[in-house]
């Protein structure tokens, strides 16, 4: 990319953690338009916390986040809801709650006081369901779906929210292999064709390397960020396996046992 | 689908209207529906009929309708807010808190040598005391639920609040003169008939305000179905929503408790009955349907409480418990199965 990159989500010396535990300090990275980014790192490094902080569900210990140059902490919930949608790991299996109602709730920032859907809203809901391949499930109840189906519905809800930024916390965790690829392909296509900024956390290294434009990695309280190629070339990915018997093999783009 | 809902809603409305007339016709004096009708419009030949209709039957029926509607709306929004199918104003101790407030007022004032009985501020003081008691319990429950996510633990806690409130009330009773105790005991049995025409001047507008808040909360409640995190990322102001649910629950459950005594299980059972009928989770359906069905069920309970004989009236509490508890058992058995 030769032109100047315009970052839609920018972290400004962001420090995250809890009262008794610091996750990382002084992160200065940005996620750009039209980029499909994987957020990787070992358990407990702060992937979820970062996504939650960008979604304004958690507060940073220090620093701040800007979205399109505006400070996130100066925006109202409504303004944020029109910019950022979030697919969390929270399970939604409410009895009698219909798939079309869940996706319709994605339109909440735009609907009236009682949440009536207009023709335009309905079209967005249908489109979202079609994109994730769940259009035939629209009348089904959430408690009758499989984990993978529920995940797709929650992604459709984020799509119906029609935001330029979509954050997903381990969206592929419950899915089988074909489903993982399908969902990632869909997200990549949305990033590339509609110029959305899509960031998802994952433990699926091979999928992240194969599908994503950029990778953000949290390791040892530090942030590493770059295009997939860059991170492979400069050995950054190998840091993930620092004190394990595993190593990252740049040639096969996969993990192998470290040779003694 | 929407058409089915419309037909169901119409059927429930008709049933409520029929039950309201039937409820007006039940009581110590035998009156026909026609006499009631004429009495309502001031065309009764007999002045005593007009008096009975306007001063006994009408307040009783209006109170039954409103209290059923109020408790059901409060129960529905508590079930959604706490993500707990067994939440309700009675089970979570909100009614107990209101009772404690009323006890403190009814028993406490005479202890201080002040007689509130029959004064203009007596009814207002009782309602205010009930609101304070209900609010105190709600604040505690909310504080606890931010720390404990286990729904059963919250329920047990609600029961503990109920027991604690009862214990404090018993101490108050022990210290109180006989007259005050008697009026308190009568109150605890739950009575719809004790509400005077003049009380309706407080009851009707306050319940209407509480129900209006509940209806205004339909969209936030729907968003909360997905959990607080999702609701917030879709633009929900969680603090304002919680405050709204609190306020309306205090107005609804607190006021009903103040006037009718603690009435159990209606608030818990009606939302489930409505979900069974409509098979929906959308509050645009559930809220109006719960309000209507709650009013209707309370009328039915009131009629049933007067069935044994014309003179004897069972406490309405006992009837709501007999109707509500089977529903709760069904809910527990179902949630245990799916969990």
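What's the Kirkwood radius of region B:1-128 in Å, using all Cα pairs?
On the way: mean 1/r = 0.0550 Å⁻¹.
After inverting the mean inverse Cα-Cα distance, the result is 18.2 Å.
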message: I'd like the distance between the alpha-carbon centres of region B:49-66 and region B:285-332, rounded to an integer number of Å.
response: 18 Å
- line: So the angle from the long Cα axis of helix A:147-160 to the longest Cα principal axis of chain A, reported in degrees to the nearest 10, equals 80 degrees
task: Would you calculate a helix-derived [θ] at 222 nm for chain A, using -39,500 (n - 2.57) for each DSSP H run of n ≥ 4 and dividing by the full residue count, to the nearest 500?
output: -8500 deg cm²/dmol
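Take each of the peptides B:245-257, B:274-286, average the number of other beta-carbon atoms within 10 Å over its residues, and list them starting from the highest.
On the way: B:245-257: 26.8, B:274-286: 20.2.
Ranking the peptides B:245-257, B:274-286 by packing returns B:245-257, B:274-286.
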Rounded FRET efficiency, nearest 0.05, which uses the C-beta distance separating residue B:322 from residue B:174 and R0 of 25 Å: 0.25
- prompt: For chain B, what class follows from the C-alpha gyration tensor (a ≥ b ≥ c being the square roots of its eigenvalues): rounded when a/c is under 1.5, otherwise prolate if a/b is larger than b/c, else oblate?
  reply: oblate
message: Roughly how far apart, in whole Å, are the Cα centres of region B:78-104 and region B:150-200?
response: 13 Å
message: Rounding to the nearest 10 and keeping the result within 0 to 90°, find how far the Cα-based axis of helix A:177-194 lies from the longest principal axis of chain A.
response: 80 degrees
- request: Grab the Cα-Cα distance for residue B:21 and residue B:147, subtract it from 0.36 nm times how many residues apart they are, and report the gain in nm with one decimal.
  value: 40.6 nm
Stretch gain in nm, segment residue A:120-residue A:247, where the contour uses 0.36 nm per residue and the Cα spacing is subtracted: 40.7 nm
task: May I ask you to order A:166-174, A:244-252 by the average number of other C-beta atoms within 10 Å around their residues, highest value first?
output: A:166-174, A:244-252
statement: If the label point sits 7 Å along Cα→Cβ of residue B:333, residues of region A:90-112 with amide N under 20 Å come out as A:95-96
- request: Would you please state which residues of region A:208-222 a label at residue A:256 would reach in this model, taking the label point 7 Å out along Cα→Cβ and a backbone N cut-off of under 14 Å?
  value: none
- request: Just tell me how shielded B:218-230 is by partners: mean number of partner chain Cβ atoms within 10 Å of each residue's Cβ, no decimals.
  value: 6
- prompt: If you count, for every residue in A:53-63, the Cβ atoms of partner chains within 10 Å of its Cβ, what is the mean?
  reply: 1
Chain B: calculated mean residue ellipticity at 222 nm from DSSP helix runs of at least 4, using -39500 (n - 2.57): -24500 deg cm²/dmol
- line: Proxy exposure order for B:207, B:137, B:328 (fewest C-beta within 10 Å first) is B:328, B:207, B:137
Chain B, relative contact order in percent, only Cα pairs under 8 angstrom and at least six apart counted: 30 percent
message: Just to confirm the number: angle between the C-alpha axis of helix A:119-131 and the first principal axis of chain A, 0 to 90 degrees, nearest 10?
response: 40 degrees
- request: Ignore the peptide's own chain and count Cβ atoms of other chains within 10 Å of each Cβ in A:75-86; give me the average, rounded.
  value: 3
- prompt: Taking the mean number of other Cβ atoms within 10 Å as a proxy for protection, how do you rank A:7-19, B:221-233 from highest to lowest?
  reply: B:221-233, A:7-19
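Taken together, the values in this text are just the output of simple stated rules run on the coordinates, not laboratory data. Given the structure is predicted, the values throughout are model-derived calculations rather than measurements. Positions of Cβ are backbone-derived with ideal geometry, glycine not excepted, and every protein chain shown enters the neighbour counts.
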